[in-house]
Every structure is written in C-alpha cells, then in structure tokens.
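Asker: My questions all concern the structure below.
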Amino acid sequence: MSPTRVVLAKPGLDGHDRGIKVVAMALRDAGAEVVYLGIRRTPEEIWRAALDEDADVVGVSVLSGAHVELARELLAERARIGAGAALVVGGTIPAEDAVALRAMGVDAVHPVGASLPDVVESVLSLGSKERTA
C-alpha cells in the first residue's frame, strides 16, 4: 500500500508555524509523504494542493482563535470542489470548540498539548481509511 499523503498548511493570518513543522517532520519520520504549503494560505489554495497532490489528509494549524470560521471555510471549499481528503485541525482550540468542529465535519481535532505520537497516529489512521475507501 502507498504511504499516506498529507498536505499541511496555515490558513488565515497566523504566522507562527513551528508546531506544524514539528508535526510535518514526525509524519515524515512515520512514513507519510508530506507537503507543507506554509503560512497564510487560503482554503482554495489548500484544497487545490490537496487535489494536485492526491492527499489523503489535510491538516491545518490555527493559533489565532479563528479556528471555527476557518474550519467552516475549509469545509465549504472541500465540498465545493469535491475533495475527499480528511480534514484535521490543530492549535489553540478550547474543548467546547473541538466538539463544535467535529460536529461541523472536521475529522479530527488536536489542541495545543496533544501528544505528538497521538497526532501522528490519528493522521495516519485517517489516511489509511482514505486509501481503502
């Protein structure tokens, strides 16, 4: 089976990307193919890259507090273009917002403080589900 393909990005205006780079390296170390798009990416850019890269999972990091609105925009864009990749949101996300994000259709939520092995396992698990679907 081919490795899980992951597109990572920072949507919105937040410029702090150290955490997502650590996640990218951990996913690569675990055997995933990772494309990091960088900061200040639009939902359209993120999903276009996901289609171009045949991604199984799209992961975004949001530390600005705009995670609910950005997730809403990302989910709408995913539906608009018909992308099938899972969406994972990480960052400064209160527990009640994590519940709301999952209810909106986000496949996994990893708040600040989530263990790196748990994040990697979650992303790879979602990726393997996409590959078998």
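The values are calculated or read from the model by the stated rules, or taken from the named source; none is laboratory data. Here the structure is a predicted model, which means the values were calculated and not measured. Backbone-built Cβ (ideal geometry, glycine too); neighbour counts: all protein chains shown. These area figures cover heavy atoms from the full protein model, side chains too; ligands, DNA and RNA do not enter into them. Shrake-Rupley method; radii C 1.70, N 1.55, O 1.52, S 1.80 Å.
Asker: If you check every pair at least six apart or on different chains, which have Cβ atoms under 6 Å apart with a residue in region 1-30 that is within 13 Å of ASP56 (Cα to Cα) first and a residue that is assigned to a loop (DSSP other than H, G, I, E, B) and open to solvent by less than 60 Å² (accessible area, probe 1.4 Å) second?
Answerer: Matching pairs, first to second residue: PRO3/GLY31; PRO3/ALA32; THR4/ALA32; THR4/ASP56; ARG5/ALA55; ARG5/ASP56; VAL6/ALA32; VAL7/ALA55.
Asker: Any residue in region 55-63 that is in contact (Cβ under 8 Å) with a residue 40 or more places away in the chain, acidic (Asp, Glu) and open to solvent by less than 20 Å² (accessible area, probe 1.4 Å)?
Answerer: Yes, region 55-63 has at least one match.
Asker: OK, next. Determine which member of the set ARG102, ARG18, ARG28 is over 14 Å from VAL120 (Cα atoms), at pLDDT 95 or above and out of contact with any Cys (no Cβ under 8 Å at 6 or more places or on another chain).
Answerer: ARG102
Asker: Here's another thing I want to ask about it. Among the residues of region 69-110, how many are open to solvent by 20 Å² or more (accessible area, probe 1.4 Å), small (Gly, Ala, Ser), more than 19 Å from LYS129 (Cα to Cα) and without any contact (Cβ under 8 Å) to a residue 24 or more places away in the chain?
Answerer: Adding up the residues that qualify gives 2.
Asker: Also, quick follow-up: Take the residues in region 1-25 that are small (Gly, Ala, Ser), within 14 Å of the chain's Cα centre (by Cα) and open to solvent by 20 Å² or more (accessible area, probe 1.4 Å), then tell me which one is nearest to ALA49 (Cα to Cα).
Answerer: Ranking the candidates gives GLY12 first.
Asker: If you don't mind, another one. Of all residues in region 24-42, count the ones that are outside any loop (DSSP other than H, G, I, E, B) and touching a strand residue (DSSP E or B) at 6+ places or on another chain (Cβ under 7 Å).
Answerer: Residues in region 24-42 being outside any loop (DSSP other than H, G, I, E, B) and touching a strand residue (DSSP E or B) at 6+ places or on another chain (Cβ under 7 Å): 8 in total.
Asker: Based on this model, can you work out whether GLU130 counts as of a type in the set (D, E, K, R) and either closer than 16 Å to LEU37 by Cβ or modelled with pLDDT of 95 or more (or both)?
Answerer: no
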